[in-house]
Amino acid sequence: MVRRDQALWGKIVVSTVEPNHTAGSPPKSNWLLPAFWMLIGITFYLGATQIKTAIVQDKHDPGPAAICLLCSVALILLSATQAVQLLLVRRTPAVPKPTEGPDVTRQNAGPRSTTRSLQQALLGVAVIGVYIYGVSQIGFGLASFAFGITSMKCFGVSWRHTLLATTACVATVYLVFIKLLGILLPTGRWDLPY
Amino acid sequence: MSDLIEILQDLFTLEILVPWILAMIFGIFVGSTPGLTATMAVALVIPLSYNLPKEAALAMVIGVSFTAIFAGDIPATFLRIPGTPASAAATLDAHQLAKKGKGNQTLLINLLCSALGGVLGVVILMSVAPQLAKLALLFSSFEYFWLCLLGLTLGVTVSSGNYKLLGALAAIFGVLLATVGNDVTTYQERYMFGNSDLSTGLSFIPAMIGLFGISEVIRAVYRYNPAGTAATIDQETNHDDSSSGLADDSPFKVRESLQIIAANTPTIAQSVVTGTVIGGLPGAGADIAAWGAYGIAHKTAKPVEQAKFGSGIWKGVIAPTSANNAAVAAAWIPALVFGVPGDAVTAIVLGAFLTYDITPGPELFSGGGANFIFAIAMITQLLLIPAGLVGILLFGKFMRLPRAIVLSCVVIFSVVGAYAMNNNPFDVWIMFGFGLLGVFLESRKVPLAPLILGMILGPKVETYFRQGMISAQGDFSNAFQSTIDIVLFSSLVICILLSFGLTIRRATTSHPISATQ
């Protein structure tokens, strides 16, 4: 009976709480998420304690910090709950991992492919980051042109298609956003026309 | 009857029809561009309508408001980037269906349900406008507080699937993120760290583009396999990795789509009612209506269907899309009867009414002006179908380009969309940050929808709570005084209990105990 209850509790815990989990041997990376929530909760709680009471404020107004304190405490408590449930799952019998949607983490992929995918993703993040920085430095048009060419070439698109697609994209943005809608896009330090 | 014929004769003239259709195509374009909202579409059309006859101007602004809301579903389906906040709820299932090679069919169903929802919404608008407007006027701060909290809870329970706790954590995180910036009541700084760019808070649109768009791009780069081959097939989604992946050459399957719509008539009916009731409440808007309808469709579905929500089920597309256009129609109820705007779009349109010399109120109904508006709204729903099909086909062509090109263009358009909201480069960094956050959270299977919902509803929950407390002189028991309060609070409690019960039932039935012993 005890085993039965334990198994049932395990299923409920697994089905409600734990992602990427094989009961019985949760990987250490599963602690990342409760730690993340806890960190966020504590940061927001400490920030909430620094919010000053306004000079002009209705005496019945709970104040600008109220919702921050309430939610940060809730976040801390729920992240602690998640951590406790992780501990409980460790003690319960194994339950087959439910398969839900694509495994974006590719934990089942081989180490070589995972490393390569990770490198690709990091390169992608870096290129996007440099592009956004470039927009404010050299203007939207030039930065977008450079980004388009770099990113498409990284993906192995032919020069012809790369140049065509980048030019078409930048020209569309120019015509629609600047000419039609009158939205001013960043011109950069050199104050380029586009 | 003669009035109706007269109105139709007035409307079907070239000088009204041409700007009307052009405005609707403009609405399709703006609505399907992430970062450009339906509100922005209406705001941009009004200056163009100043020099036109009053009837043409009215047709333009009403037409653009409906089409922009539908068009938001196009990138939501193909790219998983909701074009407008009202499309966020439809994103969950529509994108999953598109991944299964049903993008065009999903959008056709989406389009027809939008038009149908709009038609029914207008019919309800015409028949029960005064009564619903009176009900909306009964809502005070605490009623709105409970309504927003109920919307938030419904969103969490529905969109989190089996991971309710993660959904709740994400929603609370969203509410906390929404508190960043100057407090709207007292102007006290909150979590700004001396950065004046944060004074107006974390802009919602860039955050949404980042969470749903940039994170998807980064994940696509992670999955991308050049390998020197033309294409690789994602085993789980079964789509071609070399193209945009969601490009759909399959026919629209009109007959099958109509059958699906016919089979889901009860869902459409309940979603239209939900959309109308929520849309008719000032300030609630089409986004809350869509989430509410999605939640109700989930709750009323069979257990087998409930498990499929979020992984690509027609009900998950039909419910929010029928509700959001019905909500747009319903938002006109308080606007036309009392001059109280139902949402941001109608607020802008009410401002434009003054320019057109139209005064909302009972006189509008007695003078016949309301009938003219009703006729425009109704015909807009019919014009929405051809205009929407053009939008789907054009967007589909764009999606058939190689994936590398589409991903690069998505990044460029996302940067423009994030920047264009406030002309602030800082918003682009917000988008980037939220993109990284989205990648991390989704890699840990944290649902993103509750986070977005927390960011949308968080400020409303806080504002109504504080307004309620001030008006009740600090006595929270006042939040349980009216019948509406009690009904909404009871619904909230029932929703929480049901979701827990369902989770436990699913856990106990899906994995028989004997199997593990």
Notebook entry, point to check: Which residues, counting only those in the stretch B:154-205, are assigned to a loop (DSSP other than H, G, I, E, B) and polar (S, T, N, Q)?
Noted result: B:SER160, B:ASN162, B:THR179, B:THR185, B:THR186, B:GLN188, B:ASN195, B:SER199, B:THR200, B:SER203
Note to self: Condition first: more than 7 Å from every other protein chain (Cβ to nearest Cβ), farther than 15 Å from B:THR186 by Cα and surrounded by 15 or more Cβ atoms within 10 Å (Cβ to Cβ). Now tell me which residues in the stretch A:49-73 satisfy that.
What the structure shows: A:LEU69, A:LEU70, A:VAL73
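Applying the selection to the stretch B:48-86, what residues are hydrophobic (A, V, I, L, M, F, W, C) and within 20 Å of B:LEU120 (Cα to Cα)?
Step one: list which residues in the stretch B:48-86 are hydrophobic (A, V, I, L, M, F, W, C), which gives B:48, B:52, B:56-62, B:64, B:66, B:68-71, B:74, B:76, B:78-79, B:81, B:86.
Correct list: B:ALA59, B:VAL61, B:ILE62, B:VAL64, B:PHE66, B:ALA68, B:ILE69, B:PHE70, B:ALA71, B:ALA86.
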Next item on the list: Six or more apart or on different chains, Cβ under 7 Å: which pairs go from a residue in the stretch B:470-491 that's more than 10 Å from chain A (Cβ to nearest Cβ) to one that's at pLDDT below 90 and loosely packed, with under 12 Cβ neighbours inside 10 Å? Could you list them?
Entry: B:ILE484/B:LEU138
Next item on the list: Would you confirm whether any residue within the stretch B:16-29 is out of contact with any Asp or Glu (no Cβ under 7 Å at 6 or more places or on another chain), surrounded by 20 or more Cβ atoms within 10 Å (Cβ to Cβ) and more than 20 Å from B:LEU393 (Cα to Cα)?
Entry: yes
Check: For the subset of the stretch B:414-424 comprising residues that are within 22 Å of the chain's Cα centre (by Cα) and facing chain A (nearest Cβ under 7 Å), which member is nearest to B:GLY210 (Cα to Cα)?
Finding: B:VAL415
Next item on the list: Would you check which residues across the stretch B:425-447 are free of Cβ contacts under 8 Å to residues at least 24 places away in the same chain and either under 23 Å from the mean Cα position of the chain (by Cα) or farther than 22 Å from B:LYS164 by Cβ (or both) and list them?
Entry: B:PRO425, B:TRP429
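Report yes if some residue within the stretch B:112-128 is out of contact with any Lys or Arg (no Cβ under 9 Å at 6 or more places or on another chain) and at pLDDT below 80; otherwise report no.
Of all residues in the stretch B:112-128, those out of contact with any Lys or Arg (no Cβ under 9 Å at 6 or more places or on another chain) come to B:112-128.
Now narrow it down to the ones that are at pLDDT below 80: B:128.
Yes - at least one qualifying residue is present in the stretch B:112-128.
Which of the residues belonging to the stretch B:446-467 are among the aliphatic types (A, V, I, L, M) and closer than 17 Å to A:LEU69 by Cβ?
Residues of the stretch B:446-467 that are among the aliphatic types (A, V, I, L, M), as a first pass: B:446, B:448-449, B:451-453, B:455-457, B:461.
Hit for the stretch B:446-467 is B:VAL461, nothing else.
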Check: Which number in (1) more than 21 Å from the chain's Cα centre (by Cα); (2) more than 14 Å from every other protein chain (Cβ to nearest Cβ); (3) farther than 18 Å from B:ILE74 by Cα marks the one condition that B:LEU393 misses?
Finding: (3)
Checklist line | Residues of the stretch A:156-179 that turn out to be small (Gly, Ala, Ser) and part of a helix (DSSP H, G or I), as a count | finding: 3
Notebook entry, point to check: From the set of residues in the stretch B:469-487 that are hydroxyl-bearing (Ser, Thr, Tyr) and more than 19 Å from A:ASP61 (Cα to Cα), which is surrounded by the most Cβ atoms within 10 Å (Cβ to Cβ)?
Noted result: B:SER482
Checklist line | Residues of the stretch A:180-194 satisfying the condition of being more than 18 Å from B:ALA418 (Cα to Cα) and of a type outside the set (A, V, I, L, M, F, W, C) | finding: A:ARG189, A:ASP191, A:PRO193
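On the basis of being under 18 Å from A:PHE177 (Cα atoms) and assigned to a helix (DSSP H, G or I), does B:ALA68 make the cut? First the steps, then the outcome.
On the way: under 18 Å from A:PHE177 (Cα atoms): yes; assigned to a helix (DSSP H, G or I): yes.
Spelling it out, B:ALA68 is indeed under 18 Å from A:PHE177 (Cα atoms) and assigned to a helix (DSSP H, G or I).
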Notebook entry, point to check: Do we find a residue being of a type in the set (D, E, K, R), within 20 Å of B:THR346 (Cα to Cα) and at pLDDT below 85 anywhere in the stretch B:131-140?
Noted result: yes
Check: Of all residues in the stretch B:169-201, how many are in contact (Cβ under 8 Å) with a residue 24 or more places away in the chain and either within 7 Å of another protein chain (Cβ to nearest Cβ) or among the charged types (D, E, K, R) (or both)?
Finding: 8
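Does B:PRO360 fit the bill of being more than 11 Å from chain A (Cβ to nearest Cβ) and closer than 30 Å to B:THR157 by Cβ? Walk me through how you get there before you give the answer.
Working: more than 11 Å from chain A (Cβ to nearest Cβ): yes; closer than 30 Å to B:THR157 by Cβ: no.
Criteria not met by B:PRO360.
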Margin query: I'd like the full set of residues that are of a type in the set (D, E, K, R) and modelled with pLDDT under 90, limited to the stretch A:154-182.
Written below: A:LYS179
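So which residues in the stretch B:207-219 are within 12 Å of another protein chain (Cβ to nearest Cβ), modelled with pLDDT of 85 or more and out of contact with any Ser or Thr (no Cβ under 7 Å at 6 or more places or on another chain)?
Quick first cut of the stretch B:207-219, residues within 12 Å of another protein chain (Cβ to nearest Cβ) only: B:210, B:213-219.
Restricting the remaining residues to those that are modelled with pLDDT of 85 or more gives B:210, B:214-215, B:217-219.
Those that are within 12 Å of another protein chain (Cβ to nearest Cβ), modelled with pLDDT of 85 or more and out of contact with any Ser or Thr (no Cβ under 7 Å at 6 or more places or on another chain): B:GLY210, B:SER215, B:VAL217, B:ILE218, B:ARG219.
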Checklist line | Selection from the stretch A:24-51 of residues that are at pLDDT 80 or above and in a loop (DSSP other than H, G, I, E, B) | finding: A:ILE51
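The values are calculated or read from the model by the stated rules, or taken from the named source; none is laboratory data. Here the structure is a predicted model, which is why all the values come from computation and not from measurement. Every residue, glycine among them, receives a Cβ derived from its backbone with ideal geometry; neighbour counts consider all protein chains shown.
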